[in-house]
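Working notes, beginning with the structure itself.
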Amino acid sequence: VLTDLYAAVVADQLNAFSYPAQLAGLGFELYDHQRGFTLKISGYTDKQAVLLETILAALRFPDVTSERFDRLRDNLVRRLRNLALERPYGQVIADLRRLLLDTIWWPDTKIEATEAVTPEDLEAFVPRLLESVESVALAHGNYTREEALSLAALVSEALLENKGTVAVPHGRVIRLAASETRVRTLPIDHPDAVLALYLQGASRKLSDRARFYLAGQVLNAPFYQSLRTEQQMGYFVLCGAMNMMQVPGLVFVVQSPNQTPDVIEAAMNEFLQGYGASLGIMTDAEFEQHRSSLISDVMRQEEKLRDRSGRYWLEIDRKDYEFDSRERLAAAINEVSLDDFRQFFQTSVLDPDRPRLVVRSFGAVKGADAALPRNEIVDPMAFRSSQSRFLSVDE
């Protein structure tokens, strides 16, 4: 919360400066995240050093007035409360991520923390935050090597000199227990019911991730056809691969105005069993079409500089400094045969011993009050702390 408010104070402090910078073709973003905060600058390179120096000065000496702090703290509380107004399918997917990643907090917990902090807390926090840091930077575009190193030197002089260095680990992914389906029920204030079913992979191996991506590709259209078009379970129907810090998985989501989550879940399971049986008659040509389509998606060239920068940044965050993860994933997908995929589907999708996680809301759908909890996650923080973890990507 304090890091969020720190970034907000600095951005607000720079408001008067940012408008003429935009007119000059310069822009910046400053935001917090799970491991610290990120600053992005963009636009014409000839004046970026001036922009960067101004932002760095504000980062070192944020102007935490009572009026600014109170306004930004109120904005943060409002944003957090508004999360409860998002569409049900978005809320269950967000809650699924919170249950699976141990560095994400629930909105009510963050609201409580936000309402408790003071301007004095933030002023004391910033020096502690900057006392020991780890800096990672990417320059991409029409920079020369010298220009990129010059910008890095500005950051080093302003924020890193005579400071301690700390290794900031990534969050860790919860390893769900085998032979178990855990259920989390949300009290979403919306008339529709919704259910998300998540199936977790066993490892971060590239071969496993390739198979889960293939499963998302193969299942997407028939899942929509069956549950949306034929059964009319709901108007929002989604399935696909869901990676969490490179831990592979599959997610299936249906939001419905007239079906309970129990009925939706039963329909999902019935679909998966039926599709597993139909894999026996899939031809090599049909499978090759799916595989080729997925490889084309993986290898698609970005149309915008910021999209390619985003891919490079993700590679850097994973310490994949060869910048070839797309090529390696495409090669791994290409190695999966139809027989391999059939075996994977039986062991990783249909096997009852595979761990599952369900997040649902009954809304105002008729019959919801008759539903009985089963293996219910009552305290999500206690659930997270009781589970084992996949090894960190840093290990």
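Structure notes:
- Here the spin labels are modelled as points 7 Å beyond Cα on the Cα-Cβ line, and at Ser156 and Glu115 they lie 4.7 nm apart.
- Label-point separation, Arg87 to Ser203 (7 Å along Cα→Cβ), nm: 3.8
- Computed extension length for Ala221-Thr347: 43.2 nm, one decimal, from 0.36 nm per residue of separation with the Cα-Cα distance subtracted.
- The helix-based estimate of mean residue ellipticity at 222 nm for the chain, built from -39,500 (n - 2.57) per DSSP H run of four or more residues and divided by its residue count, is -15000 deg cm²/dmol to the nearest 500.
- The chain - accessible surface per residue (Å², probe 1.4 Å): 52
- For region 264-389, the carbon plus sulfur part of the accessible surface works out to 51%, probe radius 1.4 Å.
- In the chain, Cα pairs under 8 Å separated by at least six residues give a relative contact order of 22 percent.
- Listed residues Ile281, Leu214, Val173: farthest to the positive end of the dipole of the chain (Cβ charges): Ile281
- Within a Gaussian network of the chain (alpha carbon springs, distance under 10 Å), most fluctuating of Leu100, Leu272, Leu23: Leu23
- Highest-fluctuation residue, Met282, Met268, Met244 considered, GNM on the chain with Cα pairs under 10 Å: Met282
- Note on Tyr312 and Arg78: their simple-model spin labels are 3.7 nm apart, each label 7 Å out from Cα toward Cβ.
The values are calculated or read from the model by the stated rules, or taken from the named source; none is laboratory data. All values reported here derive from a predicted model rather than from experimental measurement. Heads up, the Cβs are rebuilt from the backbone with ideal geometry, glycines too, and the neighbour counts pull from every protein chain shown. Side chains included, ligands, DNA and RNA excluded: accessible areas come from the protein's heavy atoms. Shrake-Rupley method; radii C 1.70, N 1.55, O 1.52, S 1.80 Å.
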